[in-house]
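Just so it is clear, none of the values below were taken in a lab; they were calculated from the coordinates. As the structure is a computational prediction, the values presented were derived from the model and not from experiment. Cβ sites come from the backbone with ideal geometry, for glycine too, and all protein chains shown count toward neighbours.
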Amino acid sequence: MSSHMSSEAGRGRFEPRAVALRRWQRDWESWSVGPEAAAGLRRWSGDPLLVEHCGSVVALLAACGRDRSVAVPVADGRLAALIAFARAGDRAAARVVLERVMPALTAQAATKARRARGATHLGPAGETAGFGEVLAELVGAAWLVICSFPLDRRPRKIAVNVVLDAVYRVFGYRPRIERATVYRELLPDTPVELDGRPAVGAFRGRGASAELLDVLAEGVAGGVDPAQLRLLADLALVGLTQAQVAARGGISDRAVRLRRNAAVRALRAALLPEPSCLDVVVRETDSGSGAS
């Protein structure tokens, strides 16, 4: 992704390269200390799920899951509270939820623009051609999704579902696995059929391949680093051992193990799959820990 966003925690203010993201960051920084945000904080402080985090909009944003150490079910509860305000016409609440999903919207915009124009066609400051336009469309769609989100039917994985619904509004429906383009982006060396699905036997008979692809697809939409998802795909789907991955990358087995653990944590933090799904990821990547 052209913005090269770094972690916001412990690294100070980041400066994205993409023009559209620099503009968005300036707008957010100005809005978050302005009167509309302050009035919102006063309103939301009456909600028991939000009151402890209404010291600032930045603190509230972190409590809604931008801080990856916050448990996803807890973040979902806070997002649901803000969306309830947004559904009642509270624009400030919708603004905070929108900022919560901006990293994933950015990842989607970069992917869609790159695919549409070609990965080597770049605009000013290294920005993928069309990125700003795609991001603007996704932001507009996400705003509409937030203001009408069906909390009664979909109370879990709220951030991921907002992003998926926004992508659906802009680009139309695709089956879950296909719409995240896991095959081409995370498994570039895996043979595929004419419809883009992995060829029969591509995953060495691993029975959980469809479920694993489903989880990784949601990880793409949830903004997990593609390199982390690619590592999980290599271990859990392609069937490489940690020793093989280490040899290919010129790193130690321990480094692979640490990266794999970090990738699982990122996936858990981004979307909290059903426990059985996450168990599959852990089990299948564990099975590749032996010697080659």
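Per-structure values
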{"item": "Most positive-pole-ward Cα, V57, A107, I83, against dipole of segment 42-116 from beta carbon charges", "result": "A107"}
{"item": "Sum of side-chain charges, S69 neighbourhood, beta-carbon under 12 Å (Lys, Arg +1; Asp, Glu -1)", "result": "+3"}
{"item": "Residue exposure sequence - F131, F85, F171 - by fewest surrounding Cβ within 10 Å", "result": "F171, F85, F131"}
